[in-house]
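All remarks here apply to the structure that follows.
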Amino acid sequence: MRMHYYLKSWGLNIAKHNAFIHKTIQQVIRYTYAILRSKSTNKVATTHQAQCNVQKPAVLWLGSKAFHTVLSHKPTAYKSLLKSLAFELSLGRNRRYKKEFGQLVKQSMSMLTDLYF
């Protein structure tokens with residue numbers, strides 16, 4: 001929800017800048033994946049034989065699902081953005097991730113209900 005507060009404090013018209021926000025979300029997710037891969041190959045990780053077997057499409061799906069879930073708490077403010085994320089999540093190439101990570105998402109949702117925005 002930090003992103004929500006940043007957008008509000010900047011006075012950014014969320015509906016008007018939907019494409020910009022969506023691209024920013026995608027960049028954040030890609031950056032997170034790059035950092036994950038980088039950390040798994042640094043000196044400490046290689047010394048301890050760390051492995052990172054997470055594939056980029058899985059991280060993209062999980063990140064998109066996380067943003068969709070959190071932003072769903074403000075559905076009127078992010079209506080068009082939520083539609084874009086929902087469409088992205090519903091694509092056929094993402095079905096396997098929904099099946100693979102469905103239980104993880106359900107467990108995390110039970111923890112998320114304890115937070116209030």
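Some observations on this one:
- Backbone N under 13 Å from the residue 80 label point (7 Å along Cα→Cβ), restricted to the range 11-40: 13-23
- Listed pairs 16/56; 79/106; 16/83; 23/56; 43/98 exceeding 26 Å between Cα atoms: 16/56; 43/98
- Quick note on the chain: its Rg to Rh ratio, both from C-alpha atoms and Rh being the Kirkwood radius, is 1.01.
- Spacing of the two label points (7 Å from each Cα toward its C-beta) at residue 100 and residue 48, in nm: 2.4
- Modelled this way, with points 7 Å down the Cα-to-C-beta line, the labels at residue 37 and residue 56 are 0.5 nm from one another.
Laboratory data are not the source of any read-out in this text; all were calculated from the coordinates shown. Small disclaimer: the values here were computed from a predicted structure and weren't measured. In this analysis, Cβ positions are derived from the backbone assuming ideal geometry, glycine residues included, and neighbour counts consider all displayed protein chains.
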